[in-house]
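Notes to accompany the following structure.
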Amino acid sequence: MSTYITRRSLLGASLAAAGTGVLAACSGGGNGGGHEGHGGKAPGGTAPGAKGFVEPGGKEVLDAEAKRGKGPVRKVRLTAVATPLDLGGGLTVRSWAYGDRLPGQEVRVTAGDTLALTLANNLPQSTSLHWHGLALRNDMDGVPDLTQKPVKPGATFEYRFAVPHPGTYWFHPHSGVQQDRGLYAPLIVEDPREPLTYDKEWVIVLDDWVDGVDGSTPDAVLGELRKGMSGGGHEGHDMGAMTTESPDPGGPSRMMMGAKSDLLGGDAGDVAYPHYLVNGRTPQAPVVFGAKPGERIRLRIVNAGGDTAFRVALGGHEMTVTHTDGFPVAHTKTDALLIGMGERYDVLVTAGDGVFPLVALAEGKDATALALLRTGGGTAPGASVRPKELTRRVLTADGLRADASVALPSRKPDRTIRIALSGGMEKYDWAFDGKPYTPDVRHAVRAGERVRLVFSNPTQMWHPLHLHGHTFGLANRAGGPRKDTAVVLPNGTLTADFDADNPGLWMIHCHNVYHAEAGMMTVLGYLK
Ligand code: C2O
Ligand code: CU
């Protein structure tokens, strides 16, 4: 493997100077591959091979799980199916979903519970289920060919784990671009000692929609994006079951041209979606949330999109941001929020009297998703309403600070891992360090270390970067919010600190599902 050589040639002297101890090691990847654990040797690092890493079901993982305790068991059964979905306004599509509904039925548990969810796979291809944002036991993280075997068509898999932290989370497959179908649902973890007081809760899941519209599928969209690739060869990236379905050549072009956003530093996205949804509905037939004037409502907002950042505002209301990615922040007032794919924000609002549009503007794509808050009489605003709050104060994660109760204690990093984002639209070769994902390349850490991830982004696009199994502190400034997904702008740097306290093999990837599938993913591995 030339992983290390490539990485070194890309990063040049900076890697050697930094002495990051980045490793390239080979394992069988669970598929009996021919590699024999002959990793490249990075300056100052070691090359332990696959055997040097904690295994997803290893003793270290089980020990960590035992410390989480055993709360009451919450049993859930979920079936992934191919089904028609009524998105409203006369639009019914055939897609894949959890049950017959979009989003899937919310799962609601209390921190400390044990969740026992049986996933039945009635889809025509293998799937998996990832618990986005949860610091759970590694073998339940749902990454096929890394932490578990793919769940085959007709098979079931029981996800069983202690739920560690309260907050707003969600789940989706980690198989190919399945997440860009209807396979997603919120996971709400209640706090047994909830410090906030509010009257009602409104869970809001945002999505960009293409599946089943005029013959389009996410696989066909990926196929079209990849046609931009020069040289034509893209065989080196066999993700097992993910590539079994050959893209449908039918359907109109979904390539996005010229989507621009200042907030996102330029190019806003790759995919021109025909629809944008709040809780599975088009703006022509929005979900209506009922409340009384003066009630305090906690909005839990999830961006389940594939390639769209949303700018969210509630017409006629100021929002108080209380959490991001499940963790509390110092309360911050704003008129609108920018939410990248995979991010979550909780906000409090005090309901006015009337009917108000909750609008999610597809940032840079000149289209919106809509829901309504109704507390009284009045005519509902039209499908294309854009409340003026959208262009007032717009908050991004940089504008937040962690709540004192969860602020990452300041500590000098024991290890710094530098990752350079790479690739572009021309070849659709999104990757880290110029090398597409392979499950047997791991960035090594040791349990107990304070680790600093430094992502530099010389690409032309923004990327929402996600780390599994941990909640880092945004270290671009002191006291930054705790997050598991954070946006890095073009020519920007994202510095994320975390304590290595959850052993296993954990994905680091862009949460643009097309970038991830093109190769913008890698693995963080705990050394034994
Ligand atoms: Cu929400 Cu690796 O994913
Ligand atoms: Cu990306």
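The values are calculated or read from the model by the stated rules, or taken from the named source; none is laboratory data. These figures come from a predicted structure and were not determined experimentally. All Cβ positions, glycine included, derive from the backbone under ideal geometry; neighbour counts span all protein chains shown. All accessible areas refer to the heavy atoms of the entire protein, side chains included, with ligands and DNA or RNA removed. Shrake-Rupley method; radii C 1.70, N 1.55, O 1.52, S 1.80 Å.
Return yes or no: is G316 over 21 Å from the mean Cα position of the chain (by Cα) and without any contact (Cβ under 8 Å) to a residue 40 or more places away in the chain? For G316, the condition - over 21 Å from the mean Cα position of the chain (by Cα) and without any contact (Cβ under 8 Å) to a residue 40 or more places away in the chain - is not met. When you scan the range 419-428, do you find a residue that is part of a loop (DSSP other than H, G, I, E, B), open to solvent by less than 10 Å² (accessible area, probe 1.4 Å) and touching a strand residue (DSSP E or B) at 6+ places or on another chain (Cβ under 6 Å), even just one? Checking the range 419-428: not a single residue is part of a loop (DSSP other than H, G, I, E, B), open to solvent by less than 10 Å² (accessible area, probe 1.4 Å) and touching a strand residue (DSSP E or B) at 6+ places or on another chain (Cβ under 6 Å).
Screening the candidates R344, R386, R401 for the property of being outside the structural domain of D307 (by TED's automatic domain parsing) and either under 23 Å from A259 (Cα atoms) or among the charged types (D, E, K, R) (or both) yields one hit, R401.
Among the residues of the range 320-367, those identified as under 21 Å from H466 (Cα atoms) and either open to solvent by 10 Å² or more (accessible area, probe 1.4 Å) or polar (S, T, N, Q) (or both) are T322, H323, T324, F327, P328, L338. There is no residue in the range 401-415 that is open to solvent by less than 10 Å² (accessible area, probe 1.4 Å) and at pLDDT 95 or above.
Taking residues in the range 467-484 that are within 9 Å of L408 (Cβ to Cβ) and in contact (Cβ under 8 Å) with a residue 12 or more places away in the chain, and partners anywhere that are hydroxyl-bearing (S, T, Y) and surrounded by fewer than 22 Cβ atoms within 10 Å (Cβ to Cβ), the pairs with Cβ atoms closer than 6 Å and at least 6 places apart or on different chains are A475/T495. Within the range 462-492, can you find the residues that are open to solvent by 10 Å² or more (accessible area, probe 1.4 Å), in a loop (DSSP other than H, G, I, E, B) and within 16 Å of ligand 2 (Cβ to nearest atom)? The answer is L489, P490, N491, G492.
Here P173, P153 are screened, and the one residue that is more than 16 Å from ligand 2 (Cβ to nearest atom), of a type outside the set (A, V, I, L, M) and over 23 Å from T522 (Cβ atoms) is P153.
Filtered by the rule that a residue be surrounded by fewer than 23 Cβ atoms within 10 Å (Cβ to Cβ) and either within 16 Å of ligand 1 (Cβ to nearest atom) or without any contact (Cβ under 8 Å) to a residue 12 or more places away in the chain (or both), the range 444-461 gives a lone residue, F455. When the range 90-108 is limited to residues that are more than 20 Å from the chain's Cα centre (by Cα) and at pLDDT 95 or above, the one that is surrounded by the most Cβ atoms within 10 Å (Cβ to Cβ) turns out to be S95.
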